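Report on one structure; see the data block that follows.
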Amino acid sequence: MKVTKNLLEYRFNQYNRLYFDSRLYYCKMQVIHSTNTVGWYVSEGKKKDGLLCGTIYIARNVDWTEELLKEIIIHEMIHHYVAQIDGHPHCDGFSWYGLFGHGTHYRAQVKRLKREFGLNIRIHGGPFYLQGYQPPTTLWGKLMEYISCRLT
Ligand SMILES: [Zn+2]
């Protein structure tokens, strides 16, 4: 299936209503061509109505299925939740965004969604779903992939 900005915005609103009690605001959705990961979240640092704004980027060069797209969008929405609602845009518990962005607040949401809705949102995304993906063969390549998996 093909992802568009409209589709992503529609899904964001739908999942916000279903899984986040319509509490999430000011999150832009962008479709991009990605070389290293299928989706990621950026907290923009500016505020509207006292709420932090953010952007979710979703790769277009993925053979998306409904299930995978849903999981990745919700995965990124949890990042927005942690930044906007929990107030941890840059670090989450002991962990540091960019390298280890899935700390205590993040994991609490993963558990809640599992408990309340039976959703399985995996913590580590990655480049594996990108079209034409080739696993790295060098140690450096593997290390970079390991790090980029944690950027999503
Ligand atoms: Zn993530």
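The values are calculated or read from the model by the stated rules, or taken from the named source; none is laboratory data. Keep in mind the model is a prediction, meaning the values are calculated, not measured. All Cβ positions, glycine included, derive from the backbone under ideal geometry; neighbour counts span all protein chains shown.
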Which listed residue, of 76, 44, 66, 9, is charged (D, E, K, R) and surrounded by 16 or more Cβ atoms within 10 Å (Cβ to Cβ): 76
Wholly inside region 1-117, helices (runs of 4 or more DSSP H) that include 3 or more residues that are free of Cβ contacts under 8 Å to residues at least 40 places away in the same chain and more than 14 Å from the chain's Cα centre (by Cα) are 5-19, 104-117
Considering each of 147, 74 in turn, give the residue that is out of contact with any Lys or Arg (no Cβ under 8 Å at 6 or more places or on another chain) and at pLDDT 85 or above. 74
When the residues of region 120-139 are filtered to those that are assigned to a loop (DSSP other than H, G, I, E, B) and more than 15 Å from the chain's Cα centre (by Cα), which remaining residue is nearest to the ligand (Cβ to nearest atom)? 133
